[in-house]
Structure formats: structure tokens, C-alpha cells
Amino acid sequence: MRICRTIASLRRALSAPIPGRGRVGFVPTMGFLHEGHLSLVRASRRENDLTVVSIFVNPSQFAPGEDLRRYPRDPRRDAAALRREGVDILFIPGDAEMYPKTFRTWVDVTELDDKLCGRTRPGHFRGVATVVLKLFHLVRPQRAYFGMKDAQQGLVIRQMIRDLDLSVRLRVLPIVRDADGLALSSRNVYLSAEERVAALALPKALRRARRLIEGGERDARALRAAMRAEISLQPLLAIDYIAVVRLDDLEETAQIEPGNTLVAVAVRAGRTRLIDNYLSGEIKC
Ligand code: AMP
């Protein structure tokens, strides 16, 4: 595995002939890797001839006061895991490499970026879209891999790919969970033992939502109430939002449309923000 810390060295690594049919798969991450990230890496390895992974804790997607400084990092362990998975290139740039002092260009995916997480994290999706577009330009992948865990991010990227006619195929893969149901997240290390137990209310509420939809419930208000009842049982959790939205435009919907519905939840457990969702439909392009 080649480890590239600069844009120049990444370009050099990518200028070598690519084996097979020359298909490049790309997995952007912020590191502190877990099985969720590795599921994306494995899919890329299966579907491409060369796999590039990036690790970059992107400062521009953190609002002031968020956890940028304390975000968990372990680049050595991450590199060892990626080497074991057979990744070809690891791009791990520093902040100044990605955002030199003169940096001035930003990507706004309007209307999708101010809903759900965008409401409490202003500027977050602008940071995400900008860094992902920059990484797409550098890596030039045929396919890019994202997790359903960040469903809104997947939708923002899909919109950007469509609007800017990018020639990359988006692959958004299922949420990988711990045995007890909690969605894997690099931020789970912040949780105390008690908070971790309380956090199980998220997958529980989403399972309930799924059962209700599958049982024929079409009233979004009833779904939200059922989930709120489940999560409110946990005094350690403060609800940020419980939303039932149309998948195509993230607009709140009164009537659930199976195949076009995202049920999304965000809570705070102490200083830790947790998100999870259930998707009836798929995100691809
Ligand atoms: P992050 O490092 O948290 O920015 O995540 C990098 C990519 O991994 C994003 O596309 C995430 O959606 C995805 N990801 C994070 N957690 C999971 C998970 N539990 N299951 C599947 N994909 C995930």
C-alpha cells in the first residue's frame, strides 16, 4: 500500500498504469476506522481494480464549538487495517495541503444542506461537498463508496454528482451495526458505559418505525410519536430531531411513501452527537 501525504505524491501514485480494466474505487473517510468503513473498502476492492482510501478529518465540516480537536485519530492502526484489506493507495493529507491559506472556493448543495443535520450543523454539508469534490478531482474514481449511516450526506453527494455532471458512480452501502444494534461510529468511543446503553434506544426506535411501515402505517406523525416515546424513555438522550422525510428532497411528509422515505434520528448523549436512520428506498446514481 502506498501512503501519500501530499497531492503531488497522490498524483504520482495514480499516474502509474492501473491493472486490469483500470477501474478506480474511492472511499473517503475521517479515519479511526471500524467495520463500517471496512465494509466500504471491501466493496471497492470487489468492484474495482484499484482502491484509494482517504483519511482526512475535514476541518471545514465542523462548526465552531464542535469536536474537531478531540475527534479520535489513530492513523497507524488505520494504515495497518487498510494494508490488511489490500488497499492500494492511502491518501492522508494535512490541513494545509487541502486548504492552503489562499483557499476560496466552496460548493453549496442548496436546499438539501439546511435540513435535518444541516439545521443544527450550519456549514457542515458545504464542508463535506467541497472536500468530496476536491477529492473526486484528485482521485478521479469510477466509483465512490459512502455509508447509509450518513444518508443526508449521500443525498448531498448524489445531488452534486448530478448537478456538476461528475462521471463517478455513487455506491451507498448499508449501515454496519454492533451486535446489540448500535450503528458503528468513530464517535462511539466518546460514550460512557451508561450513555452507550441509552443509545440503544436509537436502533430500537428505528426498528419500531420499520415494523410500523412494513405493517402498513402511513401516518408520519404516528411514526414520529412512536419513536419519540421510545427515545424519551432514556433521560441521558436529548433529541435533536426525529424526522420522516421524502428521500428525494428531504421534505417532511405527512404520508409515508414506501420506497421514498427516510426515517432519521439525531440525539445528543452528553457532548456526543449520534445519528441513525431507516431508509425505505435507495440512494444511487
Ligand atoms: P466518517 O469517517 O465517519 O466520515 O465515515 C466515512 C464513511 O464511512 C462515510 O461514508 C460514512 O457514511 C461511512 N460509515 C460510517 N459509519 C458507518 C457504518 N456504521 N456503516 C456503514 N458505513 C459507515
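The values are calculated or read from the model by the stated rules, or taken from the named source; none is laboratory data. Nothing here was measured: the structure is a model prediction, and the numbers come from that model. Every residue, glycine among them, receives a Cβ derived from its backbone with ideal geometry; neighbour counts consider all protein chains shown. With ligands, DNA and RNA removed, areas are computed over all heavy atoms of the protein, side chains included. Shrake-Rupley method; radii C 1.70, N 1.55, O 1.52, S 1.80 Å.
Some observations on this one:
- Note on region 59-201: Cα-Cα pairs beyond 23 Å make up 46% of the total pair count.
- Expressed as a whole percent, the accessible area of region 14-170 that falls on carbon and sulfur atoms is 49 (1.4 Å probe).
- Within the chain, longest stretch free of exposed chymotrypsin sites (Phe, Trp or Tyr not before Pro) [DSSP loop, at most 15 other beta carbons within 10 Å]: 107-285
- Spherically averaged projected area of the chain from its Cα convex hull (nm²): 14.9
- Residue 66/residue 96 FRET efficiency (R0 25 Å; Cβ-Cβ; nearest 0.05): 0.75
- Cut-off under 5 Å, modelled amide H: who pairs with residue 219 long-range: 256
- Residue among 236, 188, 156 farthest towards the positive dipole end of region 154-254, charges placed on Cβ: 188
- Folded to 0 to 90 degrees: helix 75-84 orientation relative to the chain principal axis, Cα: 80
- DSSP beta bridge pairing in the chain, given as percent antiparallel to the nearest 5: 55
- Separation of region 266-285 from region 144-208 is 5 Å, based on Cα centroids.
- For residue 23, residues with placed amide H under 5 Å, excluding near neighbours: 49, 50
- A probe of 1.4 angstrom, applied to the heavy atoms of all protein chains, finds residue 165 with accessible area near 130 square angstrom.
- DSSP loop trypsin sites (Lys or Arg not before Pro) with at most 15 other Cβ within 10 Å excluded, longest remaining stretch of the chain: 105-217
- The Cα-based radius of gyration of region 186-280, divided by its Kirkwood radius, gives an Rg/Rh of 0.99.
- Under the simplified labelling scheme, the residue 211-residue 111 pair shows an inter-label distance of 3.7 nm, with each label point 7 Å from Cα along Cα→Cβ.
- If only the Cβ of Lys and Arg carry +1 and only the Cβ of Asp and Glu carry -1, the dipole of the chain around its Cα centre is close to 900 debye.
- Alpha-carbon Rg/Rh ratio, for region 66-128, with Rh computed the Kirkwood way: 1.07
- Only protein atoms count toward the accessible area here, which uses a 1.4 Å probe; on region 186-280, the carbon and sulfur part of that area reaches 49 percent.
- Hits among lysines - C-alpha to C-alpha of residue 134 under 23 Å, sequence gap 8 or more where chains match: 101, 149, 284
- Solvent exposure of the chain, expressed per residue, is 48 Å² of accessible area, with all protein chains present and a 1.4 angstrom probe.
- Rounded to the nearest 20 debye, dipole of region 186-280 from Cβ charges on Lys, Arg, Asp, Glu: 380
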